[in-house]
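Asker: Before we start, here is the structure in question, set down as C-alpha cells.
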Ligand SMILES: [Fe+2]
C-alpha cells in the first residue's frame, strides 16, 4: 500500500454509469455543489440521483479508490418528479452546514486570540518574576482566574489545538499547555473553583525554576547533557519553589505543584522520591499533563509522538508513574482521537483533529486536507454535526504523502487553549 493522500487519477464517465461504491470528484464543474467534500465515495442511490438532478451528464471517477466499477449503461436513468426537491433539500442542508462551520471557525479564532493574549501576559509575568513579583503574580492571576472561571462554569469546554509559530522558547507554550491539561483533569475529577485556581496557578508556574537554570544547560540537546547538567535541570523544582516564596499570595497548594510535579506515583521521581498519596493531588494532575505535553510537544519537534500513542505509552508503559484515577480521567477527556491526531474519515477524507468536546470525544472538530487548498483555508468539519461521517482510524504522520504531511502536521509548536461549547 502506498502513502495516504497519494495523488489520484480520474477519468470521465457518464452519470448513468454511476453506482454506490464508486469514488468520484465533483470539484471540477461545481464550486457550488451541495456535498460535504469535493471528492468522496458514493454511498447510496440518493447521492447519484442528486448528481443527476443537478444537471450533470458526466463526471470524474477514480478506479483505484473505488470499491465498485461503473455499471453498464443500458438506458438513461428515469428522472423522477421528486428530484428537484432532493436538490433543494441538499442545498438547504449545505447552507445549514456552512453556518455551523462558520460558528466553529469563529470560536476557534476566538480561542486563538485569547491564547495569544494569555501567552503575551505570561511572558510579561515571567520577565517580571524577580523585578516586580507583585505585578508578575497579578498578571498571572489574571490569566488563571479567567481560565479557571470558564472551567468551573456549567458551560461545556472544548480543548482547541492551535499552532504557535511565534514560540521561540518552549517554556511559555508548555506552561500554558500544562495549565490547560491539568485543569481538564481537575474538571473531570470535580474540583471546586478554588481548587481549579490553585491547580491553574501551580501548573502555569510549574517550570518557572527553569528561568534560573543557565541557558547553556537548558538549551543543550538532551543527548548532549552531562550528568551535572542533568542534576542542574532537576534543580528547577527547588529553584522554582523558592521563587514562588517571593511572590506574595502564591498559595501553598499551587506551590506544591511547582515543588512536586516530577514525583512519580511509584516513588521513582524527583526531588523527594515521594510515593502514592504523599504526593499532593494537584501535583499528581500536573505530572500527567506535563508528561503528555513533553511527549507530544518536545523541545526537539522531530521527537514528537502522535497524541494517541502518547496516551497509550503513559497508560501501558509508564502507568506506575501516575495516579490511576486521574490518568483514566485524562484519557477519557482527551478521547480516542485527541487534538493533534491525524485521522481518516469514513468518506475517505484525511484531516487533523483540532478540537475535542468532553461530552462527545468520538466526534471532534476536524480540519480537512484538500488538494489545492491552503492550510489556513482548510475546511473544518464538526463531526458532532456531520453525523453521517465518522472517524475510521488515526494515522501516523509517516503514513502520509509528504505534501499531506506538511499540510496536516506543520513544524510548529502545538498550543492548547479552550473554547466554550463548539458543539453540543
Ligand atoms: Fe518540570
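Asker: What residue among 261, 33, 321 shows peak mean-square fluctuation when the chain is described by a Gaussian network model with Cα springs under 10 Å?
Answerer: Of the options given, 33 has the highest mean-square fluctuation.
Asker: Now for a separate question. Between 413, 393, 363, find the one with the highest GNM mean-square fluctuation for the chain; connect C-alpha pairs within less than 10 Å.
Answerer: 393
Asker: Roughly what angle does helix 281-296 make with the longest principal axis of the chain, taking Cα atoms, 0 to 90 degrees, to the nearest 10?
Answerer: Tilt relative to the chain: about 50 degrees.
Asker: How do 34-40, 67-73 rank on mean C-beta neighbours within 10 Å, highest first?
Answerer: Output ranking for 34-40, 67-73: 34-40, 67-73.
Asker: Could I ask something else about it? Mean 1/r over all different Cα pairs, inverted: what Kirkwood radius does the range 287-354 give, in Å?
Answerer: On the way: mean 1/r = 0.0785 Å⁻¹.
Every distinct Cα pair counted, the radius reaches 12.7 Å.
Asker: Can you give me the angle between helix 83-127 and the longest principal axis of the chain, using Cα atoms only, in degrees from 0 to 90, rounded to the nearest 10?
Answerer: Helix 83-127 sits roughly 20 degrees off the main axis of the chain.
Asker: Write down the Å³ per residue value for the convex hull defined by the alpha carbon atoms of the chain. If you can, show how the numbers build up before the last one.
Answerer: Working: hull volume 60.0 nm³, N = 424.
Output value, Cα hull per residue: 141 Å³.
Asker: Which of the peptides 139-149, 104-114 is most tightly packed, and how do the rest follow, judged by the mean count of other Cβ atoms within 10 Å per residue? Mind dumping the intermediate values first?
Answerer: On the way: 139-149: 20.1, 104-114: 17.2.
So the order, starting with the most tightly packed, is 139-149, 104-114.
Asker: Also, I was wondering about something else. If one computes the Cα centroid of the range 167-245 and of the range 281-328, what distance in Å separates the two points?
Answerer: 14 Å
Asker: Let me ask something additional. Compute the Rg/Rh shape ratio of the range 11-70: radius of gyration over Kirkwood radius, all on alpha-carbon atoms.
Answerer: Numbers: Rg = 10.1 Å, Rh = 11.2 Å.
Answer for the range 11-70: 0.90.
Asker: Could you give the Stokes-Einstein D for the range 271-319 in µm² per second, using the C-alpha Kirkwood radius, 20 °C, 1.002 mPa s?
Answerer: On the way: Rh = 11.9 Å.
Estimated via Stokes-Einstein, D reaches 180 µm²/s.
Asker: Okay, moving on. If you wrap a convex hull around the C-alpha atoms of the range 94-214 and split its volume per residue, what is the figure in Å³? If you can, show how the numbers build up before the last one.
Answerer: Working: hull volume 13.2 nm³, N = 121.
With only Cα atoms used, the range 94-214 gives 109 Å³ per residue.
Asker: Given only helices, namely DSSP H runs of n ≥ 4 each adding -39500 (n - 2.57), what is the per-residue ellipticity at 222 nm of the chain, to the nearest 500 deg cm²/dmol?
Answerer: Helix contribution divided over all residues of the chain: -13500 deg cm²/dmol.
Asker: Can you give the alpha-carbon Rg of the range 95-335 over 2.2 N^0.38 Å, where N counts its residues?
Answerer: That ratio works out to 1.00.
Asker: Assuming 1.567 mPa s and 4 °C, estimate D for the range 235-319 with Stokes-Einstein, Rh taken as the Kirkwood radius over Cα pairs, in µm²/s. Provide the component values of the computation, followed by the final result.
Answerer: Working: Rh = 13.8 Å.
For the chosen part, D equals 94 µm²/s.
Asker: Just the number, please: percent antiparallel of the DSSP beta bridges in the chain, rounded to the nearest 5. Each step should come with its number before you reach the end.
Answerer: On the way: 35 of 36 bridges.
DSSP beta bridges in the chain are roughly 95 percent antiparallel.
Asker: What is the helix-to-structure angle for 133-152, meaning the angle in degrees between its Cα long axis and the longest Cα principal axis of the chain, kept from 0 to 90 and rounded to the nearest 10?
Answerer: 40 degrees
Asker: If you take the C-alpha gyration tensor of the range 303-408, multiply each eigenvalue by 5 and take the square root, what semi-axes do you get, largest first, in whole Å? Show your work: numbers first, answer last.
Answerer: Working: eigenvalues 135, 56, 20 Å².
Here the semi-axes work out to 26, 17, 10 Å.
Asker: Could you work out the mean projected area of the convex hull around the alpha carbons of the range 204-252, in square nanometres to one decimal?
Answerer: Numbers: hull surface 14.7 nm².
Mean projected area for the range 204-252: 3.7 nm², to one decimal.
Throughout, read-outs are computed from the coordinates displayed, never taken from laboratory work. Note that the structure is predicted; figures quoted are calculated from it, not measured. Here Cβ is always computed from backbone atoms with ideal geometry, including for glycine, and neighbour counts include all displayed protein chains.
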